[in-house]
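To start, the structure under review is shown below, and the notes come after it.
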Amino acid sequence: MLKVFLVEDEVVMREGIKNNIDWESEGFSFVGDASDGELAYPLIQKTRPDILITDIKMPFMDGLELSRLVKQELPDIKIIILSGYDEFEYAKEAISIGITDYLVKPIAGAQLLEAVKKVGVQVEQERQQQRRFLETFEKERLENRQLARQKFFRKLVSGQASVSALLKEGREAGMELAAKRYNIILFQIFAEDAEEGYSEELNAVTRSIEEMTDQMPEVQMVELGIEGWAFILKEEEHPLSETEEELLKRLISVLSEARGVSYFGGVGQEVERLSEFGRSFEEASRSFAFRYLIKRNQIVRSSDKLPEEVDQEMALNTLSAGNLDRRVVENFLKTGLKSEATHFVDEYFASLGEENIQSMMFRQYVTMDTYFAAAGMLEETGCEPGTLVERCGDFQKMPEVFASVESTENYLKKVLETAIELREGISRKKYSSLLRDARDYIEQNYDNEEISLNTVAASVNLSPNHFSTIFSQETGRTFIEYLTFVRMEKAKELLRSTSMKTAEIAFAVGYKDPHYFSYLFKKTQECTPREFRGRV
């Protein structure tokens, strides 16, 4: 209910307004009254009404002085002035203060109630507008924060900035990083039927994880798009091991309630200095690379020995095509990152057994298998068949490739890095097409108030976080900024070429609330819709 406060020095009139109107049944809460402004002011500060009804002429402090004080402290309050016929000069001053309505006494209760209801509608409209503004602001804030954190995280793990610069930039990105010790967990979730595509189940889990992490002050989360999350652990009141244990327990608890969703995590090495954080990230990345080699729903730590299921020796006399699972390499080629190639090859070779990789024949077999897997993946994506040979050379004509284990590893790292680089180049073209589709979808649905990041992401079969990252990188705008831009351009077109009213234009471009539309128009175009129409 909207709260009403009355200030009137005439007792009969004050009591009549207070008692003869059934405020509660009319949808209002009568929260207090006073006989003059001086007595009313502290009560108004305490009750904070939405609507103030006050007489102008009163002893001690008149209505105008009270209105000035109230407007300074409670600028959103709506004030209705009651005045006699001979007080027109007062009325002009009241208007300059920002009074909402001006009523001439004597006034009937029905007339006053009608005025209060009218003001009440205005209050509700402004509140709705404010809610919409806050919702839009929050969406923009979250998108911008996500992008700022991704940019900052890359700088943090590169080790190329001073500690003071990192602390300052981290604070600007909403991350307070000063702590005794640090560690990092790289974490990714997978939907059974939609590795990269849109999955409502995956989106619900993502929201739950993000909300859960926000409740842990010793954990800073960075959304890495398709790569999952990086959780930065800080040691403050509790040891890092306890924070790590609690975070993983909560993550697994959230995931245990989801259907068809698996996970994998890689834990880094504890470090004492922020300047050493890159080392922790390097160890986490090494652990995280096992997601291509072993089953999911596991957490691998940098201190762990080689997971049992890949710590197997393979006798050369049993070597056959079935001994090597090409799917391991194929999975990495499909979803791995160029920066992960080194770790992947290191762990892949380790998983094949020390005795086996010492054999040149075996290394040739592994190289051939990996090379054909890379060539096959590139062919599937539409890359020219000879591109890999041009970039990496033909291993059959380069005997030095097999001269040592190290030279074979280096060659395979180059093959994988080149294949992923080519894959990403093709993906960028694919994303360009997806973004065109997304922009087309926005063009066709901008007038629907329900359009959102989720609905547009679903239309191009990408997860919202992945779509948000790609969209911002490619367009230079967040999704909300772009949608607002499209709507404002359409609104300007209608203002130029039609005689539609502002409220009609607001509805035509996707805003049910014309006041909110006018607010956004002025914010983005630096003039009101009426002023814009006047200029053209």
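The values are calculated or read from the model by the stated rules, or taken from the named source; none is laboratory data. This one's a predicted model, so the numbers in the text were calculated from it and none came from an experiment. Virtual Cβ from ideal backbone geometry, glycine too; neighbours counted across all protein chains shown. Only protein heavy atoms, including side chains, enter the accessible area calculation; ligands, DNA and RNA are left aside. Shrake-Rupley method; radii C 1.70, N 1.55, O 1.52, S 1.80 Å.
For the structure I just gave you, tell me whether residue 178 is out of contact with any strand residue (DSSP E or B) (no Cβ under 7 Å at 6 or more places or on another chain) and open to solvent by less than 10 Å² (accessible area, probe 1.4 Å).
Working: out of contact with any strand residue (DSSP E or B) (no Cβ under 7 Å at 6 or more places or on another chain): yes; open to solvent by less than 10 Å² (accessible area, probe 1.4 Å): no.
Judged against the criteria, residue 178 is not a match.
Yes or no: segment 10-27 includes at least one residue that is of a type in the set (Ser, Thr, Tyr) and surrounded by fewer than 17 Cβ atoms within 10 Å (Cβ to Cβ). There is at least one residue in segment 10-27 that is of a type in the set (Ser, Thr, Tyr) and surrounded by fewer than 17 Cβ atoms within 10 Å (Cβ to Cβ).
Residues in segment 145-156 that are of a type in the set (A, V, I, L, M, F, W, C) and either at positive phi or open to solvent by 30 Å² or more (accessible area, probe 1.4 Å) (or both): 147, 148. The residues of segment 214-230 that are under 15 Å from the mean Cα position of the chain (by Cα), surrounded by 17 or more Cβ atoms within 10 Å (Cβ to Cβ) and farther than 19 Å from residue 470 by Cβ, listed by number, are 220, 221.
Residue by residue through segment 51-61, note down the ones that are open to solvent by less than 70 Å² (accessible area, probe 1.4 Å) and touching an Asp or Glu at 6+ places or on another chain (Cβ under 8 Å). Within segment 51-61, 53, 54, 55, 56, 58, 59, 61 qualify.
Can we say residue 71 is surrounded by fewer than 18 Cβ atoms within 10 Å (Cβ to Cβ) and part of a helix (DSSP H, G or I)?
Details: surrounded by fewer than 18 Cβ atoms within 10 Å (Cβ to Cβ): yes; part of a helix (DSSP H, G or I): yes.
Judged against the criteria, residue 71 is a match.
Could you go through segment 192-205 and let me know if any residue there is hydroxyl-bearing (Ser, Thr, Tyr), crowded, with 19+ Cβ neighbours inside 10 Å and on the phi < 0 side of the Ramachandran plot. Yes: one or more hits.
Any residue at all in segment 98-114 that is surrounded by fewer than 12 Cβ atoms within 10 Å (Cβ to Cβ), in a helix (DSSP H, G or I) and under 39 Å from the mean Cα position of the chain (by Cα)? No.
Out of all the residues in segment 279-322, which are assigned to a loop (DSSP other than H, G, I, E, B) and either in contact with a strand residue (DSSP E or B) (Cβ under 7 Å, 6 or more places away or on another chain) or at pLDDT 85 or above (or both)?
Just the residues of segment 279-322 that are assigned to a loop (DSSP other than H, G, I, E, B), to begin with: 293-297, 302-307, 311-315, 319-320.
Passing the criteria: 296, 297, 302, 307.
Pick from segment 246-289 the residues that are polar (S, T, N, Q) and under 21 Å from residue 191 (Cβ atoms): which of them is most open to solvent (accessible area, probe 1.4 Å)? Break it down stepwise before answering.
Looking only at segment 246-289, we keep the residues that are polar (S, T, N, Q), and these are 253, 256, 262, 269, 275, 280, 285, 287.
Then keep just the ones that are under 21 Å from residue 191 (Cβ atoms); that gives 253, 256, 262.
Values: 253: 58, 256: 88, 262: 23 Å².
Applying the filter and picking the extreme gives 256.
Of the residues contained in segment 414-433, none is found to be out of contact with any Phe, Trp or Tyr (no Cβ under 8 Å at 6 or more places or on another chain), surrounded by 13 or more Cβ atoms within 10 Å (Cβ to Cβ), at negative phi and not in a helix (DSSP H, G or I).
Quick check on my filter: what residues within segment 39-65 are modelled with pLDDT under 90, of a type outside the set (Asp, Glu) and assigned to a helix (DSSP H, G or I)?
Keep residues of segment 39-65 that are modelled with pLDDT under 90, which gives 54-65.
Imposing the further condition that a residue be of a type outside the set (Asp, Glu) reduces the set to 54, 56-61, 63-64.
Selection gives 63, 64.
Tallying residues that are surrounded by 19 or more Cβ atoms within 10 Å (Cβ to Cβ) and assigned to a helix (DSSP H, G or I) within segment 450-480 yields 16.
So how many residues does segment 481-508 have that are of a type in the set (Phe, Trp, Tyr) and crowded, with 18+ Cβ neighbours inside 10 Å? Here the count works out to 1.
Take residue 165 and tell me if it is part of a loop (DSSP other than H, G, I, E, B), out of contact with any Phe, Trp or Tyr (no Cβ under 8 Å at 6 or more places or on another chain) and open to solvent by 10 Å² or more (accessible area, probe 1.4 Å).
On the way: part of a loop (DSSP other than H, G, I, E, B): no; out of contact with any Phe, Trp or Tyr (no Cβ under 8 Å at 6 or more places or on another chain): yes; open to solvent by 10 Å² or more (accessible area, probe 1.4 Å): yes.
So residue 165 does not fit the description; no.
Selection of first residues in segment 220-239 that are farther than 19 Å from residue 264 by Cα and of second residues that are small (Gly, Ala, Ser) and open to solvent by 10 Å² or more (accessible area, probe 1.4 Å), restricted to Cβ pairs under 7 Å at least 6 apart or on distinct chains, gives the following pairs, ordered by first then second residue: 234/179; 235/179; 236/179. Name the single residue, out of those in segment 390-409 being under 23 Å from residue 355 (Cα atoms) and surrounded by 14 or more Cβ atoms within 10 Å (Cβ to Cβ), that is nearest to the chain's Cα centre (by Cα). Across segment 390-409, the extreme among qualifying residues is 409. Scan segment 394-413 for residues that are in a loop (DSSP other than H, G, I, E, B) and at pLDDT 80 or above and jot them down. Scanning segment 394-413 gives 403, 404.
Of the residues 67, 29, the single one that is small (Gly, Ala, Ser) and over 18 Å from residue 103 (Cα atoms) is 29.
Every listed requirement among (1) more than 46 Å from the chain's Cα centre (by Cα); (2) farther than 18 Å from residue 60 by Cα; (3) in a loop (DSSP other than H, G, I, E, B) is met by residue 24 save one, (1).
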